[in-house]
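Worksheet: the structure to be examined is printed underneath.
Quick note: the coordinates plus some simple rules give every number you see, no bench work behind them. Every value quoted in this text rests on a predicted model; they were computed, and no experiment measured them. Cβ sites come from the backbone with ideal geometry, for glycine too, and all protein chains shown count toward neighbours.
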Amino acid sequence: MIEWAVLIGLAAATLRVAAPLLLASLGETIAERGGLLNLGIQGAMLLGAFSAFIGAYFTGSLWIGLVSAIVGGVLATLLFGVLVVSLDLDHVVSGLAINLLASGLTLYFTRVLFTGGVSPYLGELFGPLPIPILSQIPVLGEVLFSQTGFVYLGLISVPLVYMLLTKTTFGIRLRAIGEDPVTASYLGINVVKMRYAALFAEGMLAGLAGGLLTISMFNTFDTRIVAARGFVAVSIVILGRWNPWGVLAGSLLFGFTEALSLRIGIIFPELSGASTIQLFALLPYLVALVALVAGGRRVRGPASLGKRIGKQ
Amino acid sequence: MAITPLSSPFFNDKEQDNGKDAEYAVFLKGITKIFPNGTVANHDVTLGILKGEVHAILGENGAGKTTLMRIISGILKPDSGEILIDGKPVRIRDPMEASRLGIGMVHQHFTLIPEFTVRENIALVLATSGWLNLKKVDEKITSVSKSMGLEIDPDSKIESLPIGKRQQVEILRLLCQDVKILILDEPTSVLTPIEVDSFFRMIRDLKSSGKTIVLITHKMKEALQISDRITVLRAGRVIKTIPTSEANEALLASLVVEGMIPATVVRRGTPGAPVLRVESLRVSDDRGRPAVDGLSLVVRSGEIVGIAGVAGNGQKELVEAITGLRRVESGTVRLALHDITNKPTRFIIERGISYIPEDRLHRGVILTMGVHENLALKCIGKPPMSRKSVIDRGLVLRNAENLISRFSIKVPDPCTSVENLSGGNIQKLIVARELSNGGEVLIAEQPTAGLDIKASEAVHQELVALRSKGIGILLVSSDLDEIIKLSDRICVIFGGRIVGEFVPENLDIERLSRLMLGAE
């Protein structure tokens, strides 16, 4: 019999683990709705994680780390903008180039700045922020209202991004660009400006998603810290059908499998042979594969997604 | 408007007109536009559009009509020259600026987002504040469509509307922007004859409500029928502006085309035995919905069968099914001797089907390869072009030289890459390759779309010559005039079926239109 406390812990961990995925995939949703297929989000998260760590470590202020996370993420997505929006290069190639650049840069600076190429630990972290009164509610208080600021931010961003895309002039124009940028420009919409704006928003969210790994979750930096979360975020966007609410559901699904894989030994003690546990770390990626094959077959994204303007 | 064209300053030779006259809604002065590749699209164009008139801009494809109008609507910038609106010089930086000045354009390819509703498409251009105010958009739509007598449901998705309705949405959107000058680029090219009538009624209504209308067209009949004045453009220059009352078809023809065009005399063919037989064919479109729905037809040797229909009624899928590019769900496609249903494309080509595709740049040629290689594409894999997988380059070159002279393709040398050729010459290249392939059946899909009059005539002559050699031709075209001119039989396609058949001798245009719209 599984204990009640374990389940509550699992639910809370699901949200905690889902937070970086949620922030990143909401950012990617904005970019993809504007027709930009940004695989470089992986690199944007890595740069966000790295600059958050550097900012926090050298100034001793987590808040400066937070701001530098945003700066790092935005720099990466704006570079993607230069390649894809201004120079009209291939989206996939540009995204992968940014990922290579980000891992190269962070590896280099980790080696230069820290002895042995190993980042030290931060003195403090952005810890849980229990919301007064609400966190006292049984079960729900523990699961939902005793999380870090990043989790709250991710959850609040869902309706905000949804409203941005559907209720604002910016949103409807961005979606028009995502369907057909040439037509949008004929209608007097400034495609270049709009796409940079979308990438700016994505950079902020991706930077935060990366930053939270170093300054709220793991306490240190490693070049492999993002793992494949950027690519998972791209799959979540497809799975969530480019809709923020769908993206929330997708993020929770991945958060749940990851949280489950970390707790599998506690929930099923009979499985706790070392190699079996390692195998369960694959679970989120396996779910990604299955979900994409099963749910992603008949979906149609924005019509111009990933296409160069010159090739349309 | 009470002015007669002859007394207007524009026609006064003594007084050099400067366009400052406020009678002109738009006045263009010495507009020149040269594209980066060196094409001179407009050369020193001076042209006045009077307030409240319907002004036709007449010319062949490539005469510079669309470029000129894109300059007025802020999409392109002129290299030199001046634009005056209501007598005042203006600089039109972008389409937003144009719409602030009261200018709006309906492009040949519609600028509606198919996945959006009518309301969203209109909100796209009306929105001024950060938050969308769909209620205000709805009010505007209701009041404008009421005054124009249009019936359009703001909730319908564009992709579910027929072409004629989409055009109305385009115009409705411009009217919602309070546009005073409407520029319409080849507006009737997508309409059936019945839709054209109601479109002309709408133009007259717009005119009587005080709008100025510029109509870009290559059809002389149309210009004569609806306009007040006509400006003829040829090779980027204004040849003449004349009041429509003083124009006739012969005069216009001599202005539009330099020199005489030998009109193809089309005699009817003498059909022989069936060469292509399509029976109860069912094919799905890209989204898995039935596009061809139990269609049957026969093409005999020495016969041109024209498929008339509004685009999107299964023509594309029919052609792709015959040529092996799309899977046949049920039914059969047969050549004289062979069943080619769901056979590989290579097999179908070798059994004698030639194909002139609509999307000639992507399906007809490989743009970055040489003319000689493109001409050899369909026979390069077998002797004598190649032996033991080694290509005989000398033969490829001789084959190209031979075809280039036979079909008078204009190329600097046979190895030039195809991307440097004009549309007309690319089409000649494709025709040359397909015809030299020695098939019994030719599928010609929009064979003259985008070609100028001379190039179109040349293609028509080739098709007729092929027919007299006994080849069976399936002609799919949205140009009804072309279908009527060339076909021995006209089949009307609607909703993936053949809904009617005519022989040109007793063609009932009214009924043909109704059939094309699915009204019978």
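Numbers below:
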{"item": "Label-zone membership for region A:58-82, site A:TYR152, 7 angstrom Cα→C-beta point, backbone N under 16 Å", "result": "A:63"}
{"item": "Positive-end extreme of charge dipole, chain B - chosen from B:PRO274, B:VAL257, B:PHE110 (charges on Cβ)", "result": "B:PRO274"}
{"item": "Pair B:GLU501, A:GLU270: separation of 7 Å Cα→Cβ label points (nm)", "result": "7.4"}
{"item": "Net charge, A:ILE30 excluded, C-beta distance under 11 Å - Lys, Arg +1, Asp, Glu -1", "result": "0"}
{"item": "Per-residue Cβ neighbour rank within 10 angstrom, fewest leading, A:ARG16, B:ARG282", "result": "B:ARG282, A:ARG16"}
{"item": "Dipole-positive endmost among B:LEU435, B:SER389, B:LEU377 within region B:367-438 (Cβ charges, Cα centre)", "result": "B:SER389"}
{"item": "When each of B:LYS165/B:LYS316; B:LYS146/B:LYS485; B:LYS211/B:LYS485; A:LYS167/B:LYS33 is checked by Cα-Cα distance, pairs over 30 Å", "result": "B:LYS146/B:LYS485; B:LYS211/B:LYS485; A:LYS167/B:LYS33"}
{"item": "Cα long-axis angle, helix B:163-176 against chain B (0 to 90 degrees, to the nearest 10)", "result": "20"}
{"item": "Extension gain from B:GLU350 to B:ASP153, taking 0.36 nm per residue of separation minus the Cα-Cα distance", "result": "65.9 nm"}
{"item": "Calculated FRET efficiency for the pair B:ILE366/A:ALA249, C-beta based, R₀ 41 Å, to 0.05", "result": "0.40"}
{"item": "Over chain A: helical MRE at 222 nm, DSSP H runs n ≥ 4 each giving -39500 (n - 2.57), nearest 500", "result": "-22500 deg cm²/dmol"}
{"item": "Candidate aspartates and glutamates - alpha carbon under 13 Å from B:LYS378, same-chain residues fewer than 8 apart omitted", "result": "B:GLU350, B:GLU434"}
{"item": "Contact order relative to length of region A:212-252, as percent, for alpha carbon pairs under 8 angstrom and 6 or more apart", "result": "24"}
{"item": "Two-site FRET efficiency, B:GLN461 against A:ARG308, from Cβ-Cβ distance with R₀ of 30 Å, rounded to 0.05", "result": "0.15"}
{"item": "Dipole moment magnitude, nearest 20 debye, region B:392-520 about Cα centre, only Lys, Arg, Asp, Glu C-beta charged", "result": "340"}
{"item": "Simple label model, 7 Å out from Cα along Cβ direction - A:PHE231 to B:LYS469, nm", "result": "5.4"}
{"item": "Size of electric dipole in region B:367-438: Cβ of Lys, Arg +1 and of Asp, Glu -1, about Cα centre, debye, nearest 20", "result": "280"}
{"item": "FRET efficiency, 1/(1 + (r/R0)^6) with R0 25 Å, evaluated for B:HIS109 and B:LYS221 via beta carbons", "result": "0.60"}
{"item": "Chain B, helix-only ellipticity at 222 nm - DSSP H runs n ≥ 4, -39,500 (n - 2.57), divided by all residues, nearest 500", "result": "-9000 deg cm²/dmol"}
{"item": "Unit charges on C-beta of K, R, D, E only; dipole of chain B, Debye", "result": "1020"}
{"item": "DSSP bridge orientation in the protein assembly as shown - percent antiparallel, rounded to nearest 5", "result": "55"}
{"item": "Gain on full stretching of the segment that runs from B:LYS135 to B:ILE453 - 0.36 nm per residue minus C-alpha separation", "result": "109.7 nm"}
